[in-house]
Amino acid sequence: MKPYCLAVCLLALPALAQEDRIFTVDGKEIDKVRVASWDIRELKYKEGNSEKSLSTDQVVRVELEQFNDVFRLGLRDADLMLTKAREQVAENQPLLAQLGFVRASAMFFDSGRVQEAAAALDEFEKALPRAGALPEIYRQKFEYYIGQGDKQAKSAATVAGKYLSEAQGNAWPAGLALEAEFFKAIADRAAGGTPAEYQSRLESIIQRAGQNVMVGNRANIQLANSYLDAKENDKARRLYEAVAGKAGVDENSRAGAYLGLGLLTMADAGNDAEANKRALLWFLRVYLETRSAWPSLQAEALYNAVQAAGKWRGPESQFIQARCRGALKNEFPDSDWTERALAGR
């Protein structure tokens, strides 16, 4: 699997020069700052001579200038990354430690070491129970389970339920509770909930998204997906196009929009070669332009690229199919989409 989720963040100790960067849910970037601290409620930073803060539910990602230097021995080794994170806990460096745990767990997931990933996240929660990156515990686990399809839907629902309980019970920023509610709606639908109930829950989340633009965008994509399943294609297309045309959209939402537009285009194409080629290009954009999107989205797009290329039958179609199957096999070996592609289904 590839890194996912709302925020696999790269943090390091503040440098004298203010070259840290903060990325927010509305697609903005705050650069040339110095991050001072980050807990579950707020991120504090200095911009010029001004001390400022952001609610944690408004932060997508933070990059600190010295992260690579501090964690250089673990950048390609999850075990060393985890060891370094533990050292930072012992040295009372919570800003470094929390991101070391998050990075290590993502690397474990990437290499298929799921038990080690979950253990790293559990250790993180115990060592730093007030850390700003704490929601990553639930995001990473949820993305893994929901990416496994129906067979892990109940596990995904359990993770989402715990996230919601923690966020509400501990009065975390409202956007985190809303994200947890969004996760729960997705998992409940995968576990057998009705389309009408699912759509109603998504509409409620969208109405309450407010300043949490990212959750609103993602909920709109899921609502469009539900319309697509119900063959209400016009409704689905309007939502996909609205998200795809926005500036500052997170990669998961943009990937979902491209994927949906590809599916709609292929469904309408029939045997029209040019229309199937247009569908193929939408699917390839997911893989080529949204590399940080959830692995489940990229795998589904690659699978459908194989199908669209076969219907197009252009001069490069067989080459594209082979490349897409190779990417599925090498990058998403445990995905149901990979199994289907390699079996020729």
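Read-outs: derived from the displayed coordinates by stated rules, not from any lab. Since we're looking at a predicted model, the values are computed, not measured. When we count neighbours, we look across all protein chains shown, and the Cβ atoms used for this are built from the backbone with ideal geometry, even at glycine.
For the range 76-182, relative contact order (Cα pairs under 8 Å, six or more residues apart, normalised by length) works out to 18 percent.
Dividing the mean sequence gap of close Cα pairs (under 8 Å, 6+ apart) by how many residues the chain holds gives a relative contact order of 14 percent.
May I ask for the net charge around Gln93, where only other residues with Cβ less than 12 Å from the Cβ of Gln93 are counted and Lys, Arg are +1 while Asp, Glu are -1?
Neighbourhood net charge equals 0.
With 10 Å bins beginning at zero, the pair-distance distribution over Cα atoms of the range 177-225 amounts to 29, 61, 10, 0 %.
Can you give the net charge of the other residues whose Cβ lies under 11 Å from the Cβ of Ala174, counting K and R as +1 and D and E as -1?
-2
Binning the alpha carbon pair distances of the range 31-71 at 5 angstrom intervals from zero yields the distribution 6, 21, 30, 25, 14, 5, expressed in whole percent.
Within the range 91-138, the GluC sites (Glu not before Pro) that combine a DSSP coil assignment with at most 10 other C-beta atoms in a 10 angstrom radius are Glu91.
FRET efficiency for the Asp77 to Glu197 pair, using the beta carbon distance and R₀ = 56 Å, is estimated at 0.80. Using only the alpha-carbon atoms, how far is helix 233-244 inclined from the longest principal axis of the chain? Give it as 0 to 90 degrees, nearest 10. That helix lies at roughly 40 degrees to the long axis. Rounded, prolate or oblate, given the Cα gyration tensor of the range 123-206, with a/c below 1.5 counting as rounded? Here the range 123-206 falls in the oblate category. Using the Cα gyration tensor of the chain, with a ≥ b ≥ c the square roots of its eigenvalues, what is the shape: rounded (a/c below 1.5), prolate (a/b larger than b/c) or oblate (neither)? Prolate, since a/c reaches 1.5 and a/b exceeds b/c. Computed over the range 240-345, the quotient of the alpha carbon radius of gyration and 2.2 N^0.38 Å is 1.01. Arranged from fewest to most other beta-carbon atoms within 10 Å of their beta carbon, Arg113, Arg130 become Arg130, Arg113. Calculate, in whole percent, how much of the Cα-Cα pair population of the range 179-287 lies beyond 24 Å. Result: 24 percent of Cα pairs exceed 24 Å. If the Kirkwood radius is taken over C-alpha pairs of the range 29-137, then at 25 °C and 0.890 mPa s the Stokes-Einstein diffusion coefficient equals 172 µm²/s. Calculated mean residue ellipticity at 222 nm for the chain: -20000 deg cm²/dmol, from DSSP H runs with n ≥ 4 weighted as -39500 (n - 2.57), summed, divided by the residue count and rounded to 500. Full extension of the chain segment joining Glu289 with Glu339 gains 15.6 nm, where the gain is 0.36 nm per residue of separation less the Cα-Cα distance.
As a rough footprinting exposure proxy, the listed residues Asp122, Asp336 were ranked by other beta carbons within 10 Å of their own, and the order from fewest upward is Asp122, Asp336.
Fewest-first ordering of Ile320, Ile205 by other beta carbons within 10 Å of each residue's beta carbon gives Ile320, Ile205.
For the range 97-172, what class follows from the C-alpha gyration tensor (a ≥ b ≥ c being the square roots of its eigenvalues): rounded when a/c is under 1.5, otherwise prolate if a/b is larger than b/c, else oblate? Because a/c hits 1.5 or more and a/b fails to exceed b/c, the range 97-172 counts as oblate.
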